[in-house]
Structure formats: structure tokens, C-alpha cells
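Inspection log for the structure reproduced underneath, given as C-alpha cells.
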Protein chains: 2
Amino acid sequence: MTSYKLTYFNLTARAEQIRFLLSYLNIDFEEVRIGFEQWPTIKSTMPFGQVPVLEIDGKVVNQSVAICRYLAKKAGLAGGDDWESLLIDIAVDNIYEIRQEIMKYYHERNEEIKSKLRDTIVNDSIPFYFDRFEKIVSENGGYFVNGKLSWPDLYFVSILDHIKAVINVDLVDGRPHLTALKHKVLDIPQIKSWIAKRPKSLL
Amino acid sequence: MTSYKLTYFNLTARAEQIRFLLSYLNIDFEEVRIGFEQWPTIKSTMPFGQVPVLEIDGKVVNQSVAICRYLAKKAGLAGGDDWESLLIDIAVDNIYEIRQEIMKYYHERNEEIKSKLRDTIVNDSIPFYFDRFEKIVSENGGYFVNGKLSWPDLYFVSILDHIKAVINVDLVDGRPHLTALKHKVLDIPQIKSWIAKRPKSLL
């Protein structure tokens, strides 16, 4: 049996998508949740100085989106043909892009720039992206792609709590199709059971 | 026959990877190179307000990396099994990540922040990433993954001139395996012929 060990901080952030997919696959994975005080020592041992990394039968791989795609293929959530896989990859990259923009706000240390960044993100970028996501999901039978569950749906729901904690915006509020999608994903038995048992974390 | 129309600025930047792959596939694609003065009008007609977009038989898709993966599959450059595809996706995302960091410098308008950013990128980030790329290519028979050509190799070479123009660093200088890879890719007949005929651009 293949062994999976996930190394990250005690955060959802960039690892929760991987945990959602491993859970969806009913894989009993090992987790190492490193403390921030351990990070400087561990950083230099990581392939590109970053976490999360997933160890698959002892082979360590980085890049969370690539890891998710690999797991999504195993789960049958990565598309039935090349065109569907393209639409799925686009959906994920669109979600990833706005997540990255929101994280710029989180990492900004200059209070003046941070405050301006928040205004732009909350008033412009979030409506721009999430209104489009709402439209896409409404036109695709309640999912991101082709009226059926695929990994962008899991990816999307996995970041909602994290983004709420970072910038205090509920991304599905006032968007009924995204709200329905959120509940559909959270009602998947393996996801429900993962969320019930996962360690508590601030972000 | 499938028709392909690529819309972008008269820049290499985020579209040259797509042009490399279309050329590699011997696809006779149409190009629309929009002027910066046209951009405000065109922006609102784009799926997520961005270019490049590729129109495939009239269907418009965004997200350059997703588009490249789709084309790479057609070209047989996206991996022979799920594990190889994972290694390929990781390589691309690692390259994309440092490219994004360099582009932060390009987009920064505050001269003081810009200058500090340049120091960090040139002295820390570029050596960090590109020394690792050099090691990966040296350990993988002269390519990014498994000793044979795959789309990270094309992706990598497609950004070199652009990065040179942006931050004035030759990313393969002093890195013999990356230099050899650059020449191997530029010697592919379809790439060589594309570069000979492509429109001149500053970046």
C-alpha cells in the first residue's frame, strides 16, 4: 500500500486542498504539523525551501497544485478527456490567482499599503472573481465544470475558511450557487468526516 | 481542422510558451497582437479581464499554464504516466513561481521598494531557484524530467529573453546544464523557425 506523509504548518492555507483530496480518496495519511519555531531548521531540508510537501512512498514532492492534480486523477476528479481537464485546470488557476492576490494583503507589512490593498481586494478583486465564479457555477449545473464534481469544487471549498480568517470576507455570501456548492462539498461523507476530526487551527 | 487564435500584446511574456508549443505542434495559428491603447476596450471582453487567451475552434480559454498543459498533451510532452506528469507539473510550477517573483519587481512602481526587491531577487531568489534547476537538469540527463524533452523545457527557454529584458540577468550564465538545455530547445527545427519569423518585441 502506498504511504503518504504530508508536511506543513498547523494551518489549512496551502495544504487543506491536499488533505481534502487525500480524505476524498479514503487514504489514511500521516501528517507532520511543524511549529513555526522549527521552521528555520526544516526549511533548508525542503526541495524548494517550502511546504507543503507530500512524501509518497518516501519520494518528497512540492507544489500543492501539482500534487492536487495528481491526487485528483486517482480520484477520477481530473476530467474525462483533455478538453474537460483543460476546463478544470483553468478553474483551479482562476481560483488560485485570486487566492494569491488575497495572500499579498496577508503578507504585506506596511500598514498604509496593506490598507489600500484591502480596499482594492474587497471592493474590486473579490467581486470581480467571485461574481464570475458564481456565474460559471450557475451555468454548469452547480459545479465549476460540466455539471459534475471535479477537483476545483474541492479546491474552492477548501480555501473558504482560510480566506475568511485572513481578510474577513465570506466569499459565498450573497452568491447562492457558490453557497450551494459549498454545502454539497461539505456534505461529501469523507470531507465531513475529515472536517470533524481535523486539528483546530487559526488560519 | 481545428483553428487556433491567440490574443495577447506584442510581447513574449505570458504568451511565448503557448507560441512555442503551437509551433512545436506545427499548428498554423492566427495571432492578434493588441496595442496597449486598445487594451482598456478589449479588457472587459476577456473571460477574467486578462490576456493571453486562446480561441480553439471559437471557444475562448484563459490561463496560460493550463493552455500549455493542454497543448503539451497533444504534443506528447506532458508525461507518459501520472507520476511523470506530476514531476512535469512540479517543474513548471517551480519555474512559474520564480517568474512571478521577478515580475513583482517589474510591476513595482515605488522606486525604493523596487530597488530592494531587485537586490533580493538577484542575490537570493534567482540563485536559489536556478541553482536548483541546474542541479535537477544535471541529474536528469539534460532535461527537467526523466532524461527526455517535456514541456517544462520549452516553458523554461521561452521565458529567458523576457526575464533578461526585465531584470537584466542571464539566467543560464554560469550554469552549463541549463545553457545546454537552452541550445537544445532553440535547435528544435520548429522552435528555430518560429524564432526566426516571430514579430520583434521589446519584452
Which value in nm describes the separation of the simple spin-label points at A:Gln50 and A:Lys74, placed 7 Å from the Cα toward the beta carbon? 2.1 nm
Phi to ³J(HN,Hα) by Karplus 6.51 cos²θ - 1.76 cosθ + 1.60 over segment A:174-190, Hz, x for Gly, Pro: x, 10, x, 6, 5, 4, 5, 4, 4, 5, 4, 5, 5, 8, 5, x, 5
Alpha carbon centroid spacing (whole Å) that separates segment A:1-80 from segment B:1-54: 34 Å
Report the trypsin sites (Lys or Arg not before Pro) located in segment A:113-163 that are in a DSSP loop and have at most 13 other Cβ atoms inside 10 Å of their Cβ, or state none. none
When the chain is fully extended, how far beyond the present Cα-Cα distance does B:Lys164 get from B:Asp81, taking 0.36 nm per residue of separation? 26.5 nm
Between A:His107 and A:Arg132, 0.36 nm times their residue separation minus their Cα-Cα distance comes to what? 6.4 nm
Quick check on the protein assembly as shown: what are the equivalent-ellipsoid semi-axes from the Cα gyration tensor, as sqrt(5λ), descending, whole Å? 31, 26, 24
Compute the convex hull volume of the Cα atoms of chain A, divide it by the residue count, and report the result per residue in Å³ as a whole number. 128 Å³
Residues with amide H under 5 Å of B:Val32's amide H, sequence separation 5 or more or different chain, H placed in the peptide plane at 1.01 Å from N; which? B:Leu6, B:Thr7, B:Tyr8
Column: log10 I(q)/I(0), Debye, Cα scatterers of segment B:13-69, q = 0.15, 0.22, 0.29 Å⁻¹: -0.45, -0.94, -1.40
With 0.36 nm assigned to each residue of separation and the Cα-Cα distance removed, B:Thr120 to B:Lys148 gains 6.8 nm
Computed [θ] at 222 nm, helices only, for chain B once each DSSP H run of length n ≥ 4 contributes -39500 (n - 2.57): -17500 deg cm²/dmol
Using the Cβ atoms and a cut-off under 13 Å, what net charge is assigned to the surroundings of B:Asp161, where Lys and Arg are +1 and Asp and Glu are -1? +4
Can you work out ³J(HN,Hα) from phi for every residue in segment A:67-82, in order, using Karplus 6.51 cos²θ - 1.76 cosθ + 1.60 and θ = phi - 60°, giving whole Hz and x for Gly and Pro? 4, 4, 4, 4, 5, 4, 4, 4, 8, x, 10, 10, x, x, 8, 4
The Cα extents of segment B:82-188 along the principal axes, largest first and rounded to whole Å, are 43, 27, 21
Counting other Cβ atoms within 10 Å, which GluC sites (Glu not before Pro) in segment B:1-109 have at most 10 and lie in a DSSP loop? B:Glu37
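Values quoted throughout were computed directly from the atomic coordinates according to the rules given, and no laboratory measurement underlies them. Everything numeric here is computed off the predicted structure, so don't read it as measured data. Here Cβ is always computed from backbone atoms with ideal geometry, including for glycine, and neighbour counts include all displayed protein chains.
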